[in-house]
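Take a look at the structure set out below.
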Amino acid sequence: MRALRFAAAALALVVMGMAAFAPAAATADPLLAYGARIAGDDARTRIVIDMDREPAFTIHYLDNPVRIVVDLPATAFGFPAGDLKPTGLFKDIRYGTMDADSARIVLTAKKPVKLVVAKVQADESGKGQRLVLDAEMLPAGQFADLVKKQSWTSEDTAKDVGPVEPTQKADPNTFLVAVDAGHGGIDAGATGTDGVTQEKDITLAFAKIFADKLNAQPGIKAFLTRDKDQYLSLSERVTIARQNHASLFISLHADTLKQKDIRGATVYTISDKASDRLAGEVADRENNSDQVAGAEAQAQPAAVTDILMDLTRRETQAFSISLAQDVLSSFNGQISMINNPHRHAGFQVLTAPDVPSILLELGFLSNKDDEKLLLNEDWRQKVADRLTEAVKQYRVSIVANGG
Ligand SMILES: [Zn+2]
């Protein structure tokens, strides 16, 4: 994709403007945008533009196709076009002069988006200013409202920028659990020894049973990240949990291993380094989910990694481990587990910095006995009951600790 620069057209406009109105003062000293970066994925994307001084700006949204319009005072765009190559949520990015006094950046998105952050901050040197734009996916209905309610005459963009509304309406005392059925749509996940059973179906069937059981508990509400055979990227799953301020995120899987004799459940939490080779292999396979579906490779530059690695995450990590332990004690003696059933590795789906998250491998589709269980209704009910107990136990301990 290309980022068009209207250098020649811009110059012509400026010249014409000057000839007609001679507003020399307005154009003599345009802002200089001297650097730009873009990073992110199909759920969240950050754009940073380096400027020589603080710009005033306004934000608007347009539909068909979905666009974010950033209006700026007269600006000279001096960075290489390749620095704002459409990435993540955006499929086209254009910028250039509108008239003698104004410039515009138009970000065309692949799906409904909203800026959750649009701010100017000083760079490290203190000499320049950075325009920081953080975009997140949002439900189509919310985007339509945004387009309808915005004002093009007001300078106030604050109401057009901010967090995405939760889709799950829950009162603040409700303990909200995001139940994530692994894989889906074009990404079928693992296939059973019979060559027929697909992981994406196992996870969805189980997720529904589990969510129903959680919803039957007073004070607990569960929702599914997907409730049908639908592809969701790993980042979309994380973002759905975060946007809804979920108290927990539980991702459900049933993978295959080369070692066909290995069976039983495993609970994973996130870590930079895998606890063991098996955990590393499972994480690699799960992280490959997006590539399987043909999504672009998602090398995350430092700017995005930083967001994920903030302080909150350390606290979240402790809660995730606590939940994993509650699951293990609830399973103990009831549900078969592999040796060392709590393992950790760098699962992308567990990267929400503010939502305690675990990934549960219910069993292995590479093992005939596990496969039989995974398809067995009584077993599913029993595992969902034990998991529900674990969530209840976790919640009690969090409340007891004032969390
Ligand atoms: Zn899986």
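Numbers at a glance
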| read-out | value |
| --- | --- |
| Inter-label distance for ASP194 and ARG53, nm, one decimal - labels placed 7 Å from Cα along Cα-to-Cβ | 7.2 nm |
| Region 175-400 - charge dipole about Cα centre, Lys and Arg +1 at Cβ, Asp and Glu -1, debye rounded to 20 | 480 debye |
| Cα gyration tensor, region 175-400 - rounded (a/c under 1.5), prolate or oblate | rounded |
| Total lysine pairs under 22 Å (Cα atoms) in region 175-400, excluding pairs fewer than 8 apart on one chain | 27 |
| Cα lying deepest toward the dipole's positive end in the chain, options GLN381, ILE47, PRO112, charges on Cβ | GLN381 |
| Cβ-placed point charges (K, R +1; D, E -1), dipole of region 43-103 about Cα centre in debye, nearest 20 | 380 debye |
| Pairwise FRET efficiency - LYS91 versus ASN332, Cβ, R0 = 51 Å, nearest 0.05 | 0.55 |
| Simple Cβ-charge dipole of the chain, Lys/Arg +1 and Asp/Glu -1, about Cα centre, in debye nearest 20 | 180 debye |
| Selected from LEU131, LEU204, LEU234 as most flexible by GNM, with the chain as the system and alpha-carbon contacts under 10 Å | LEU131 |
| 24 Å Cα-Cα reach of LYS127 towards lysines, excluding residues that sit fewer than 8 places from it in its own chain | LYS119 |
| Residue-span extension gain [ALA158 to ALA318] - 0.36 nm each, minus C-alpha spacing | 54.1 nm |
| Among PRO73, ALA246, ALA283 the positive-end extreme of the charge dipole of the chain (Cβ point charges) | ALA246 |
| Alpha carbon convex hull of the chain, projected area averaged over orientations, nm² | 22.0 nm² |
| Using alpha-carbon coordinates, inclination of helix 311-331 to the longest axis of the chain, degrees | 20 degrees |
| LYS228-LYS110 FRET efficiency (beta carbon distance; Förster radius 22 Å; 0.05 resolution) | 0.60 |
| Approximate spin-label separation ASP284-ASP63, in nm, with each point projected 7 Å along Cα-to-Cβ | 4.6 nm |
| Share antiparallel - DSSP beta bridges, region 175-400, percent rounded to 5 | 20 percent |
| Percent of alpha-carbon pairs separated by more than 23 Å within region 76-177 | 42 percent |
| Helical mean residue ellipticity (222 nm; -39500 (n - 2.57) per DSSP H run of 4+; nearest 500) of the chain | -10000 deg cm²/dmol |
| Backbone HN-Hα couplings from phi across region 219-234 [Karplus 6.51/-1.76/1.60, Hz, Gly and Pro as x] | x, 10, 10, 10, 9, 9, 5, 9, 10, 8, 7, 9, 7, 10, 6, 4 |
| Ranking of THR157, THR388, THR167 by count of other Cβ atoms within 10 Å, fewest first | THR167, THR157, THR388 |
| Estimated FRET transfer efficiency when R0 is 25 angstrom, pair ALA122-MET98 (beta carbons, to 0.05) | 0.40 |
| Pairwise label distance in nanometres, GLN381 with VAL292, each label 7 Å out on the Cα-Cβ vector | 3.0 nm |
| Highest-fluctuation residue, ASP284, ASP227, ASP123 considered, GNM on the chain with Cα pairs under 10 Å | ASP123 |
| Linear extension gain, LYS273 paired with LYS169, 0.36 nm per residue minus alpha-carbon span | 33.8 nm |
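The numbers here are math on the coordinates, done by the rules we state, and not lab data. None of the values given here were measured: they were computed from a predicted structure. Cβ coordinates were reconstructed from backbone atoms using ideal geometry, including for glycine residues, and neighbour counts include every protein chain displayed.
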